[in-house]
Every structure is written in C-alpha cells, then in structure tokens.
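I have placed the structure first, in the form of structure tokens, so that the comments after it can refer back to it.
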Amino acid sequence: MNTFGHLFRVTTFGESHGPAIGCVIDGCPPGIAIAAEEFAHDLARRATGKTRHTSARHEADEIEILSGVYQGKTTGTPIALLIRNTDARSKDYDKIAEQFRPGHADYTYWQKYGARDPRGGGRSSARETTMRVAAAVVAKKWLSEKYGVQVRGHLAQIGDVLPASFDWNAVEGNPFFWPDASQVAELENYMDALRKSGDSVGARITVVADNVPPGWGEPIYGKLDGELAAAMMSINAVKGVEVGDGFASVAQKGSEHRDEATREGFLSNHAGGILGGISSGQPVTVSVAFKPTSSLRLPARGLDVHGEEVDIVTTGRHDPCVGIRATPICEAMLALVLMDQALRHRAQCGDVGEVMPRIPGKSSPIKAPK
C-alpha cells in the first residue's frame, strides 16, 4: 500500500532517482489557505546537504501544486503535489546493482517483486518521506487553525549521547534538533569522528502534539496510539515506537504510572496523552527509535543476485545518522494521524460537543533524561 489514512488520505509516489516524487492528498477540507512557499520551511528542515553531518545530496525540493488549490485555497478536491529530483547520482549504485546490501531492503524487495530499482534504494529510500512532510504542512496548518494544535519534535538521543538539559527554544537553532545548545559542539565532534571511521549510529526522536482535544481516536481497531505506532513504523529505518513512558513503564509501579487528576489538571502524563486509544487532552507524546544507517564504506559480507558470496562496500552520499533529519518526518506522521482522527471524530461524534467535567490538559515540562 502507498496510501495512508482513512478520511484524510495521502498517496505518495516516485523513486529516489526517478524524475520526480509526489503525493496526492484526498479528503482535505476546502477553504484552507495554502501557497507553494509555505512548504519550504519544513522541507528545508528535512533536507540533506545542509551540513556535513548528513548526506551531501542537495535537492531543490521546490513544490509544484498541480491541483486541489484555487485562488490560494483548497477546494476539497484531490491536492496533487510534485517535487522534481534535481541531484540524483545513479552511477554511485552501479557496482551494487546486483548485490544485496546488508541491512537494506534490497533482498526483501527482490523476494517480493522479483525486481528492484537499485538507484538510491528506489522506493525504499528515505527520499519518499519528503512528500509526507509536504502533506503534513497542510495538516499542521489545519490542526493549528481549527484546534490550536502544535506539533513539534526533537532529537532525544544519538548513539549513547543524551541531552544534559532541555529547552524547546534551542531545538531549531542547531542542525541536530538538539534541546541543549551547550552540547552542540560535542555532537559536532562526535559526528566528525563517526564519519571519519566510516561507521554509523542510531537515534531517538521524540515528537509532541500540544492542545489535542480529548476524544480523538477509536476504542478498538482505530486506536490513536495504535495508528501512531503504525505511522511511525512506516518511516524508513524505524525499529521501535513508544507512547508516553513506553517500555519504561515495565519497571514502574501502578501507583507511579497512573496519571492522577485534580481540578487544575492531570498531575503527570505517563500515558502520553492517550487512554483506551482515545486522546485525554494532554500532550500526545511519541518516541521513535531509528537504527544505524546500513550504507557504509566498511566492507560487509553479503550475496549477489546469482547467490554468490561477495564483499559489499556502499559508496555514494549517505547519512552517518538518519535520525539527525528525522524530526520533521516524525512530526509529519503525528500531524497526519491527528488530522485524520480529527476528521473521523467530527464525522461520527461532532454533535456530542464538549462533555463536562473536562480536565485541563496541562503538561509537565519535558526533563532531560537522568
């Protein structure tokens, strides 16, 4: 499947080294003011080639709005977005066109389709996530204007390095989306050494949606946390998803984990803003684990399409840590899920209105891990 969502549906298409990538957004409400230049900010946040710590591939990522927008506003009909690929170097993949790179989707695509596009990983490339970020620009704007929902994220861990402190204001001021400005130089040195060694490392991203109203989500098969988990797992290189405290809740006592409430609001948010698959009004909090990049210049044992054992070396332009630019991608998936759930809630339960009592959805400030 290349389509995501139920009412707010996003279909992406294109390959890493094809002529273009794009998406079609179906089910978008009419009347949302949107212009091509509004996509530039988030696309630039996701882009490679901005610093020496990401792939050197440098795409223009200029959005073309082909349909669904008239006189600057969405019409309610399908919105088609297109981005031309301008900096693909397919020759980098000539030597591995008949090899299955360890840790990549080469072998599994071959087994499923009996064919694959080896140029940059083809459809399995993180290049595809560009269009998710583009589609989420529309979702973020609607969520903000309609409900005041704010979606933001940060890099919460890279390798064995954790933030020493936390400040949202620091996140957008450095190329790592790191919440402690005093550690940026340390991260620069860490990544320089990693890149010099030819190896890679994994990362953890945390995304948060503030001001989400209570009631979004469905009780069984359309659980908000279930769909968030599936959405995050659909991102390339993701190997784990946590909602709220996630796996840390294993070691917690029930008396600690339960989020007590007063008239002033909840006293904690261990549940990550979701109870029984439905939003509680607290910040929706999701953490995502990214595996280390598999494209390395360090030799590895593998097989080719003839079944012969070969030493595989991946050349070309690759990220030593894909998590460095994954924050806007995780934000995008959170926003897309929330908009879809908001529309579904409005369709079924829009007449219910605000039910009392309503516990204020205040949150405790994010603290740096110990």
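Taking label points 7 Å from Cα along the Cα-to-Cβ direction, I359 and D192 give a separation of 4.9 nm. Evaluated with a Cβ-only charge set (Lys, Arg +1; Asp, Glu -1), the chain carries a dipole of roughly 80 debye about its Cα centre, given to the nearest 20.
The length gained on full extension between Q150 and A115, counted as 0.36 nm times the residue separation minus their Cα-Cα distance, comes to 8.4 nm. Fully extending the segment from L298 to V310, taken as 0.36 nm per residue of separation minus the present Cα-Cα distance, adds 3.0 nm. Maximal additional length on extending the E37-D160 stretch stands at 40.5 nm, based on 0.36 nm per residue less the C-alpha distance. Normalised by the number of residues in the chain, the average gap of Cα pairs under 8 Å and 6 or more apart makes the relative contact order 21 percent. When only alpha carbons are used to place a centre, segment 244-291 and segment 203-224 end up 11 Å from one another. For an R0 of 45 angstrom, estimate the FRET efficiency from the Cβ-Cβ distance between T262 and R84 and round to the nearest 0.05. Result of the calculation: an efficiency of 0.25.
Extending 7 Å from Cα along the Cβ direction at E62 and again at S255 yields two label points whose distance is 6.4 nm. Against the chain, whose longest principal axis is taken from its Cα atoms, helix 184-197 shows a tilt of about 30°.
No lab work stands behind these numbers, since they all come straight from the coordinates. This structure is a prediction, so every number in the text was calculated from the model and none was measured. Ideal geometry is used to build each Cβ from the backbone, glycine not excepted, and the neighbour counts take in all protein chains shown.
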